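Engineer: Following this message is one structure expressed as structure tokens.
The values are calculated or read from the model by the stated rules, or taken from the named source; none is laboratory data. Source: prediction; values computed, not measured. As a convention, Cβ positions derive from the backbone with ideal geometry for all residues, glycine included, and neighbour counts pool all protein chains shown. Side chains are part of the model used for accessible areas, which takes the heavy atoms of the whole protein and leaves out ligands, DNA and RNA. Shrake-Rupley method; radii C 1.70, N 1.55, O 1.52, S 1.80 Å.
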Amino acid sequence: MTTLMPMRPERYGPYLEAAIVGYAQDNVSAGRWAEVGALERSREDFAGLLPQGLATPHNFLYEILADEGGSTVGCLWVHIERKHGAVSAYLYDLVIEPAFRRQGHAVRALQALEAIAVAAGAVGIGLNVFANNAGAQALYRKLGYLPTNFNMHKRLG
């Protein structure tokens, strides 16, 4: 059974570097960012979001384990905060390693995240999914996530 475990410090560096690269690539492939400077821009975004790494308040990074005590099959990052009297959760990242995809780990990790969010008092979980990522959209819809808005972009020149 897939479980979540707080991310170990030795896992954080490799996770962060892969997440920075992946986020830059996602933004370029979605047409939001130019390729030139994308990696630096991604690095800046992550530095602002996780200035204290694993110790950044209200941010929780988890390793996704194939089963309790099993091998790490991915990572999950959620931000939980109280704003305007309400507790909200925001899923920043969910990654399943390629060798472990299509085995139900993402579904079970998101279900485990729901329990964590509810225990923290959150009334919902928000996230962003790139328009060109049909697989992720299908996963989130399957689990009951609904679109709340659409960002649109037109490239000029």
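Engineer: I'd like to verify a number: residues in the range 84-122 that are in contact with a Phe, Trp or Tyr (Cβ under 7 Å, 6 or more places away or on another chain) and touching a residue at least 60 places away in the same chain (Cβ under 8 Å), how many?
Structural biologist: 1
Engineer: If you don't mind, there's one more thing I want to ask. If I ask for residues that are among the hydroxyl-bearing types (S, T, Y) and without any contact (Cβ under 8 Å) to a residue 40 or more places away in the chain, which ones from the range 62-83 would you list?
Structural biologist: S71
Engineer: Moving to a separate point now. Please work out which residue is most open to solvent (accessible area, probe 1.4 Å), limiting yourself to the range 42-71 and to residues that are modelled with pLDDT of 95 or more and hydroxyl-bearing (S, T, Y).
Structural biologist: Taking the candidates together, the pick is Y62.
Engineer: As an exercise: evaluate H153 against (1) touching a Lys or Arg at 6+ places or on another chain (Cβ under 7 Å); (2) part of a loop (DSSP other than H, G, I, E, B); (3) open to solvent by less than 90 Å² (accessible area, probe 1.4 Å) and give the number of the one condition it does not meet.
Structural biologist: All conditions pass for H153, except number (3).
Engineer: May I ask you to verify whether V87 is within 16 Å of the chain's Cα centre (by Cα), hydrophobic (A, V, I, L, M, F, W, C) and open to solvent by less than 50 Å² (accessible area, probe 1.4 Å)?
Structural biologist: no
Engineer: I would also like to ask the following. If V107 passes every condition in (1) open to solvent by less than 50 Å² (accessible area, probe 1.4 Å); (2) at positive phi but one, which one does it miss?
Structural biologist: Result: V107 passes all but (2).
Engineer: Quick one: how many residues across the range 122-142 are part of a loop (DSSP other than H, G, I, E, B) and either open to solvent by less than 40 Å² (accessible area, probe 1.4 Å) or among the aromatic types (F, W, Y) (or both)?
Structural biologist: Of the residues in that region, 3 qualify.
Engineer: Quick one: in the range 3-41, which of the residues that are touching a strand residue (DSSP E or B) at 6+ places or on another chain (Cβ under 8 Å) and open to solvent by less than 40 Å² (accessible area, probe 1.4 Å) is farthest from S71 (Cα to Cα)?
Structural biologist: Per the stated criteria, the residue is G22.
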